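Accompanying notes for the structure given below.
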Amino acid sequence: MDSSEVNPNPEHGVRHLAIIMDGNGRWAEARRLGRTFGHRQGARRVEDIVVACCDQGITHLTLYAFSTENWNRPWAEVQLLMRLLVQQLRSIDKKLVKNRVSLVCQGSLERLPAFVRLELARVERMTSFAEPKLTLCLSLSYGGRQELVDAARKIAQSVRAGTLDPEQISEAVFAASLYRPEFPDPDLLIRTGGEYRVSNFLLWQMAYSEIFVTETLWPDFDRNELADALAEFSRRERRFGKTSAQVRSAEASV
Ligand code: IPE
Ligand code: IPE
Ligand code: MG
């Protein structure tokens, strides 16, 4: 399928998909290659998955590319990841424009080297569509706890400035203070590489996300596996605390 055939009402019901792209190192180690090869191969998967998400009618995609904890990796690996990111942005930019994908990013971006920030700014400018088909958010130098701390700081500043009463602080006010308040909460989180943990990703936003963990390592993750995850999601019953009977009767009355 081509991304021009977008399904505006995807039957799987996923508006926002979040992915923890894990397993690059193990992919390379299994082939007796250096981790570098795994990261290169992993970076190549991104383009295809972004286009597949467009084809599937997903409107928001958040990719976990580099966590605040990943700064603790060997410096050579961190530098390689930064260089790869820039190469990837340079090779994907036209494809994003062609598919009407807007790029945004989130995280402690001030920690990124200037050459990465410049490239991100260039591609963000180049892809800032008024009505994108898909908004792709790269989580870079991202930590869920840091995002919550930053939100708390913003709220505290509003209180100090006298524009917000502490009594007015609500879930909605808090959500509006996160990095990407325009994003709906993720409906589905996919984690490749088989680990059953969230690794400091989207801690607030994931309160009710469905979780799909696959043993497949990120460099092997393809659009068929994405389709499997979406099919599995569409079979899940999202109860949001209610009983199954309540959910079924609400669905029957629509
Ligand atoms: C994910 O793959 C990429 C990043 C975290 C940047 P890993 O590098 O974590 O791969 P594994 O988990 O060691 O296999
Ligand atoms: C999570 O993967 C972060 C990214 C995919 C960017 P990690 O490989 O860093 O996660 P942990 O450390 O195994 O939990
Ligand atoms: Mg890992």
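The values are calculated or read from the model by the stated rules, or taken from the named source; none is laboratory data. These figures come from a predicted structure and were not determined experimentally. Reconstructed Cβ throughout: ideal geometry from the backbone, glycine too, with neighbour counts over all protein chains shown. Please note that ligands, DNA and RNA were not included when accessible areas were found on the heavy atoms of the full protein model with its side chains. Shrake-Rupley method; radii C 1.70, N 1.55, O 1.52, S 1.80 Å.
Per residue, how much accessible area does the chain have with a 1.4 Å probe, in Å²?
Working: 13360 Å² over 254 residues.
That works out to 53 Å² per residue.
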Taking protein heavy atoms only, a 1.4 Å probe, and rounding to whole percent, the accessible area of the chain owed to carbon and sulfur comes out at 51 percent
Students often forget the sequence filter, so: which lysines lie under 29 Å Cα-Cα from residue 95 once same-chain residues fewer than 8 apart are removed? 133
Sort region 173-254 into rounded, prolate or oblate with this rule: let a ≥ b ≥ c be the square roots of the eigenvalues of the Cα gyration tensor; rounded if a/c is under 1.5, and if a/c is not under 1.5, prolate when a/b is larger than b/c, oblate otherwise. oblate
Net charge, residue 216 excluded, C-beta distance under 13 Å - Lys, Arg +1, Asp, Glu -1: -3
Below 15 Å, Cα to Cα, which aspartates and glutamates can residue 242 reach? Residues fewer than 8 away in the same chain don't count. 251
Region 219-249 versus region 48-120: alpha-carbon centroid distance in Å: 27 Å
Zone reached by a paramagnetic label modelled 7 Å from residue 11 Cα along Cα→Cβ, restricted to region 216-254 with backbone N below 16 Å, covers 227-236
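How would region 38-104 be classified by its alpha-carbon gyration tensor: rounded, prolate or oblate, with rounded meaning a/c under 1.5 and the a/b versus b/c comparison settling the rest? Kindly include the intermediate steps, with their values, before the conclusion.
On the way: a/c = 2.43, a/b = 1.89, b/c = 1.28.
Note, shape of region 38-104 comes out prolate.
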Residue 244: net charge of surrounding residues, Cβ under 15 Å, Lys/Arg +1, Asp/Glu -1, itself excluded? +4
How far apart, in nm, are two points set 7 Å out from the Cα along the Cα-to-Cβ line at residue 30 and at residue 174? 3.9 nm
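Please label the shape of region 87-216 as rounded, prolate or oblate, based on the square roots a ≥ b ≥ c of the eigenvalues of the alpha-carbon gyration tensor (a/c under 1.5 means rounded; beyond that, a/b larger than b/c means prolate, else oblate).
Numbers: a/c = 1.81, a/b = 1.29, b/c = 1.40.
Verdict is oblate for region 87-216.
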Considering amide H positions built from the backbone, and no H for Pro or chain starts, which residues 5 or more places from residue 210, or on another chain, come under 5 Å of its amide H? 188, 189
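Only helical DSSP H runs with n ≥ 4 go in: add -39500 (n - 2.57) per run for the chain, normalise by residue count and round the 222 nm mean residue ellipticity to 500 deg cm²/dmol.
-14000 deg cm²/dmol, from helical runs alone.
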